[in-house]
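Here the structure is laid out as structure tokens; the discussion comes afterwards.
FYI, it's all coordinate maths here, none of it is from the lab. Bear in mind the structure is a predicted one, so any value in this text is a computation, not a measurement. All Cβ positions, even for glycine, are placed from backbone atoms using ideal geometry, and neighbour counts span all protein chains on display.
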């Protein structure tokens, strides 16, 4: 999985899964633009990965802002000369354990706006640049909950289901332009934020997977890297669970 001379952009790259994916692409040789809300965290990661600053770029942007995402892509192209790869990871869960009748329109709009509309706006900015570079690949972050129902998080569940439809439509639209687009569906992942939960809650989440544990960030990043690489050159329009059997039940 050699990304030498490839240029990548990762949204939600300041922490969690996005941070690990950015690390994996950088370690694979890519120049990486890290996009997120927390500029200080993005810049710290850039300095850690790339003290000389030749292969990383931190861009503070909100995926819900069309102009900001166009600018983020343009900054990547201006610094590195092209864009070949993108990972659309930015997202949030919203309120937990909230029946639909108690879910506010504001919370619904925030989750859908970030997880689904934000992905639409990210794709809208990324695709022309990738086409201009001669083609490439995109990975969208859905979830195991993108193909099953989960009570109490209706907005998140709806958004992650929507990511699959968006991914498939875009994959068909851009197949003849040499752009592959796929979605992955992680189960529960042992991110630093997740690991702040009480141990009994973590144990319950681990047991939701037949393999009996949470995914590691490295496992998710490695799978995303595979789909972006030439080794997955015949994969487009797909949804790939990485969920320890969570959706097999």
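Here are some notes:
- Overall dimensions of region 115-245 as given by Cα atoms, namely Rg and Dmax in Å: 15.8, 50
- Here region 56-77 and region 192-249 have alpha carbon centers that stand 27 Å from each other.
- Burial order of peptide ranges 134-145, 220-231 (average beta-carbon count within 10 Å, highest first): 134-145, 220-231
- In the frame of its principal axes, region 22-162 has Cα extents of 51, 31, 27 Å, reported largest first.
- Recomputing volume of the Cα convex hull per residue in Å³ from the coordinates shown identifies the correct label among [x] 240; [y] 162; [z] 119 as [z].
- Residues 191, 11, 247, 56 arranged by fewest to most Cβ contacts within 10 Å: 247, 191, 56, 11
- Cα centroid of region 1-35 to Cα centroid of region 113-185, whole Å: 18 Å
- Contact order, relative form, for region 56-209: 24 percent (alpha carbon pairs under 8 Å, 6 or more residues apart, mean separation divided by residue count).
- Protection proxy ranking, highest mean first, for peptides 101-114, 194-207: 101-114, 194-207, where packing is the per-residue count of other beta-carbon atoms within 10 Å, averaged.
- All Cα-Cα separations within region 38-80 were binned at 10 Å from zero, giving a P(r) of 30, 49, 20, 1, each value a whole percent of the pairs.
- Förster-model FRET efficiency, 45 Å R0, residue 52 and residue 98, C-beta, rounded to 0.05: 0.45
- In this rough spin-label picture, where each label sits 7 Å from Cα along the Cβ direction, the residue 65-residue 249 distance is 4.1 nm.
- Simple label model, 7 Å out from Cα along Cβ direction - residue 39 to residue 218, nm: 3.4 nm
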